[in-house]
Amino acid sequence: MSNMDFSPPGRGSGGAGGFKKMVAGGGVALMVILFIAVTWAAVEIYKKTSMPAAAGLVEWRAVSEGISEAREKGKPVLFDFTAEWCPPCQAMEHNVFSDEKVAQVMNESFVPVRVMDRVREEGANPAPVQDAQQKYQIDGFPTLLAASPEGQEYARLVGYHPKSQVSAWLDVVLSAHKKSPRGSAPR
C-alpha cells in the first residue's frame, strides 16, 4: 500500500503531471494575469466603497464652535469621533453621512461636530480634540456620541453602522432629548 497512485486514470503515475503540463503550456502566465485582474478589481471596489463622499452633506463644526452653538441654540451635540486612516470611518462618510435624509436630521436637529484624530499624522491632537476624547473616553473609531448642549452624554454608537441603524439611533436620541429636562442626560 505504500505505492499508491492518485493520478487520474490513463495519465501515468504521479499527480504532478497536470501541473507540469500547465506550467509548460503557459498556464502560469494565465494564472498571474488572472490574479492581477482579480486584485485590481478588488482594489477598485474598495476605493468606490471607502472613499469619502464628494461634497459632504453634513455641516460639521469644529469642537469649540459646535459646543458653543449647541448651548446657544439648545440643541444636542452629535460628535463624530473619526480618523482619516480609519476604513470604517471612511465607509460611514461615504455610505451614511452622504445620505440626504440622514444629513438633514443631523443638520436640523443636532449640532454636528467632527472630532478628527490626528495622532498618527501629526503625533498629537489639538487640545480641543484631545479634551473631547478624554472627556468621553473614546477608545475606538468611528464613534458617534450624542450629548446635551451642556455636554452630558446621551448615547453612543461605536463602529460602522449602516444608515438605517444610524437613522433609527438618531430618532431614539432625539426622542430622549425632547423628553428630558434641559441639561439632564436620558439613560
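The values are calculated or read from the model by the stated rules, or taken from the named source; none is laboratory data. The structure displayed is predicted, hence computed values, not measured ones. In this analysis, Cβ positions are derived from the backbone assuming ideal geometry, glycine residues included, and neighbour counts consider all displayed protein chains.
Using the structure shown, decide if Ala155 is part of a helix (DSSP H, G or I) and in contact with a Phe, Trp or Tyr (Cβ under 9 Å, 6 or more places away or on another chain). Working first, answer last.
On the way: part of a helix (DSSP H, G or I): no; in contact with a Phe, Trp or Tyr (Cβ under 9 Å, 6 or more places away or on another chain): yes.
Judged against the criteria, Ala155 is not a match.
Exactly one condition in (1) out of contact with any helix residue (DSSP H, G or I) (no Cβ under 6 Å at 6 or more places or on another chain); (2) surrounded by 16 or more Cβ atoms within 10 Å (Cβ to Cβ); (3) of a type outside the set (Ser, Thr, Tyr); (4) over 15 Å from Gly66 (Cβ atoms) is false for Leu145; which is it?
Unmet for Leu145, out of (1) out of contact with any helix residue (DSSP H, G or I) (no Cβ under 6 Å at 6 or more places or on another chain); (2) surrounded by 16 or more Cβ atoms within 10 Å (Cβ to Cβ); (3) of a type outside the set (Ser, Thr, Tyr); (4) over 15 Å from Gly66 (Cβ atoms): (4).
Conditions: (1) at pLDDT 95 or above; (2) closer than 19 Å to Ala70 by Cα. Arg182 meets all but one. Number of the miss?
(1)
Would you be able to tell me the number of residues in region 159-170 that are surrounded by fewer than 16 Cβ atoms within 10 Å (Cβ to Cβ) and within 10 Å of the chain's Cα centre (by Cα)?
Adding up the residues that qualify gives 2.
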